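Each remark here refers to the structure printed beneath this line.
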Amino acid sequence: MPYLMVFLLIIFSDPLWADEHDTQFVDINGNKLAYVCKGSGELTVLLMAGMGLDAHASFKNTFHNLKPNGYQLCFYDRAGTGQSGYTKPKVRGISELADELTLLTKTLNWKNLVLVPHSFGGFVARAFTHKNPNVVKGIVFIDSAHESWFNDMKHSMSADGWKTMEWIMQWERNTHSFEDFAEASSHSSIYTIPQGLPITVLSRGLPHVSIRQTKMRYSDVDAYTQSWDRSQTELNKISTNSKSVKMAYASHLFDETDPWIAIKYIEEMAKAAANTRLKMSM
């Protein structure tokens, strides 16, 4: 998970994307949400960023290199992230984040979705799918979080290592993103999805070792990585129609290291979803 403040403030700083694209805004719950789309079709492939992150910064290479054929490709910023406003900032639980997306999709009349969540966005995607099972036609998780990681990491780390992680998560919750990883990890029932829903779980092949910038012990960095890897196995179990792929040359910041593998599986899922819709309409 990209919780390290240095990463958030430096790598994901991307203030110019609003000038690069035909950015649209829509009022959702009193907040002006930004979104960008290209292509056209009844199917929408939606890119979903991680905790507190600008969606374009997270997916810029993926978005720019995808050429949607028969579907529209979109990304949006949750309230308070990227180009989206947040009128009265407060900490929101995962259900509220899913409700925000529900209102967005209904307002924009997006009725058939392939979700592409990165990192913390996986929680939002699953909670949204739980609430809207008939709308989601497939999910491509890109190194996405699973609720098992929180407790596994906590019990795998030393007390000092876990104290560092708690500090980072509290900073996210109370200062930066107003999104709560501990709360999101405390659920399981709100994340259930249709058992036959097609999912692809893309997991990083390169370890996310920048947490060492906090001077975390090597053993705790290993616990951080190994517990994350175990959580990816759990994520692959949420549907009976799943595919697991190790992105051998991609880090957690996949868009910076290997967007091409993400593009491959997004296109594969979009094509499958479009074909399924076509068969159902015949």
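Kindly state, to the nearest 0.05, the FRET efficiency for Lys246 paired with Lys88, given R0 = 51 Å and r defined as their beta-carbon distance.
Numbers: r = 42 Å, r/R0 = 0.82.
Using R0 = 51 Å, I get an efficiency of 0.75.
When only C-alpha pairs under 8 Å and at least 6 residues apart count, what is the relative contact order of the chain, in percent?
So the answer I get is 20 percent.
Pull up the cross-link candidates among the lysines for Lys271, meaning alpha carbon to alpha carbon under 25 Å and not fewer than 8 places away within one chain.
Correct list for Lys271: Lys38, Lys60, Lys67, Lys106, Lys111, Lys131, Lys137, Lys237, Lys243, Lys246, Lys279.
Using mean Cβ contacts within 10 Å as the protection proxy, how do 134-141, 81-88 order, highest first? Walk me through the intermediate numbers first.
Numbers: 134-141: 22.8, 81-88: 18.0.
Peptide ranking by packing, descending: 134-141, 81-88.
Test of understanding: ordering Asp229, Asp143, Asp180 by Cβ neighbours within 10 Å, fewest first, what list do you get?
On the way: Asp229 13, Asp143 27, Asp180 21.
Fewest-to-most Cβ neighbours within 10 Å comes out as Asp229, Asp180, Asp143.
Under a point-charge model restricted to the Cβ atoms of Lys and Arg (+1) and Asp and Glu (-1), what is the dipole moment magnitude of the range 221-272 relative to its Cα centre, in debye to the nearest 20?
Values: 6 positive and 8 negative charges, 60 e Å.
About 280 debye.
Give me the distance between the Cα centres of the range 221-245 and the range 130-190, rounded to whole Å.
13 Å
Note down the magnitude of the dipole of the range 139-282 about its Cα centre, charges +1 on Lys and Arg C-beta and -1 on Asp and Glu C-beta and zero elsewhere, to the nearest 20 debye.
440 debye
Just so you know, all these numbers are worked out from the coordinates, no wet-lab data involved. The model shown is predicted, which means the values in this text are computed figures rather than measured ones. Neighbour counts are summed over all protein chains in view; Cβ atoms, including those assigned to glycine, are modelled from backbone coordinates with ideal geometry.
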